[in-house]
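The values are calculated or read from the model by the stated rules, or taken from the named source; none is laboratory data. On a predicted model such as this, the values are computed, not experimentally measured, just so you know. Here the Cβ is made from the backbone with ideal geometry for all residues, glycine too, and neighbour counts use every protein chain on show.
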Amino acid sequence: MAVLTQWRFPPATRESAELIVAELAANAAEHGHHDMTVRLSLHAGSLWIVVTDSGTRSRPCPPRETDPDEHGRGLTIVEVLAQEVRVSESLLGRRVDVVLHTTPAEG
């Protein structure tokens with residue numbers, strides 16, 4: 001949030017970005033083994049959020065007996081907030097690239 005405030009992003013954009021980072025970081029912490037990287041960058045009026053982890057390739061998981069309000073909606077939330085979401089996996093882990101179109105505040 002401090003970086004986006006320094007970059008003068010409007011509050012609504014900062015809040016969306018904060019929720020996106022929180023959801024992706026929570027997924028990386030849960031499914032990754034030990035390393036996670038979060039990177040924010042600006043490209044032509046868009047905020048790029050990239051989260052990588054060292055998790056293994058995903059496999060179909062058997063249904064868990066957990067409250068659906070507690071798990072499994074993170075990427076769906078990200079997809080609603082962002083204009084573009086790309087997930088890629090390799091032997092080294094998982095990477096999620098998110099594009100959030102925005103314009104820094106004037107002044």
Output for the stretch 14-43, where each listed residue is among the polar types (S, T, N, Q) and either farther than 20 Å from V80 by Cβ or modelled with pLDDT under 90 (or both): N27, T37, S41
G74 vs. criteria in contact with a Gly (Cβ under 8 Å, 6 or more places away or on another chain) and modelled with pLDDT under 85: no
Total residues in the stretch 77-103, condition at pLDDT below 90, closer than 23 Å to A17 by Cβ and in a loop (DSSP other than H, G, I, E, B): 2
Yes/no for D53 being among the acidic types (D, E), over 21 Å from R73 (Cβ atoms) and either modelled with pLDDT under 95 or surrounded by 14 or more Cβ atoms within 10 Å (Cβ to Cβ) (or both): no
Residues (touching a helix residue (DSSP H, G or I) at 6+ places or on another chain (Cβ under 8 Å), crowded, with 16+ Cβ neighbours inside 10 Å and in contact (Cβ under 8 Å) with a residue 40 or more places away in the chain) located in the stretch 22-43: E23, L24, N27
